[in-house]
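I have placed the structure first, in the form of structure tokens, so that the comments after it can refer back to it.
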Amino acid sequence: MSMYFDIGDETLWNPSNGAGRLFLRQVEVFEAELNLPSGIGQGKYWGDPDTLEVDPAVYAEFARGLVAWHCRTGHAVILALSEGFVATAVALARRAGIEVEMPEPEPGDVCGGVQHEVQVPASPRTASAAVVTVLDTRAREMDR
């Protein structure tokens, strides 16, 4: 069995039920964390839990907010826990034709600068670029 993530009559993603359910549970977590709706809901076949409709306008805001949130954090555990989900969400957005730009690190910005127990970032610009590069690479891998 598998699930369908659709926009209209186009299927963007057709994961196994296990992967699809896990993704949806993580969507709920990040909707709450970001206080943003994802735009993923019951599909055109009401009563079929395996068919989900993606609202591209709402999902675009969710995906962009998710990437901004991910790249702003400097907490190593948060980065580790969220990287795979964010990469998958970006890959789904790209399949939907939604452009999700990876933020450009700015001098002095701690965007993605990994912080450890002391919570002091090392080189913020280098770490930021590394987080953005890893996220973009993972999103491309997820799309294969």
Inset, instruction - Could you tell me the accessible area of Glu33 in Å² (1.4 Å probe, neighbours in place), rounded to the nearest ten? - result: 110 Å²
Inset, instruction - May I ask you to derive the FRET efficiency for Asp50 and Glu99 from their Cβ-Cβ distance with R0 = 22 Å, giving the value to the nearest 0.05? - result: 0.20
Inset, instruction - Run the quick spin-label model on Ile78 and Asp9: label points 7 Å from Cα toward the beta carbon, then report their separation in nm to one decimal. - result: 4.4 nm
Inset, instruction - Over the Cα atoms of the range 37-106, compute the convex hull volume and normalise it per residue, giving Å³. - result: 98 Å³
Legend entry - Two-site label geometry, Asn17 and Ala57: point separation in nm, points 7 Å out along Cα→Cβ: 3.5 nm
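The values are calculated or read from the model by the stated rules, or taken from the named source; none is laboratory data. Given the structure is predicted, the values throughout are model-derived calculations rather than measurements. Virtual Cβ from ideal backbone geometry, glycine too; neighbours counted across all protein chains shown. To get the accessible areas, we keep the full protein, side chains included, count just its heavy atoms, and leave off ligands, DNA and RNA. Shrake-Rupley method; radii C 1.70, N 1.55, O 1.52, S 1.80 Å.
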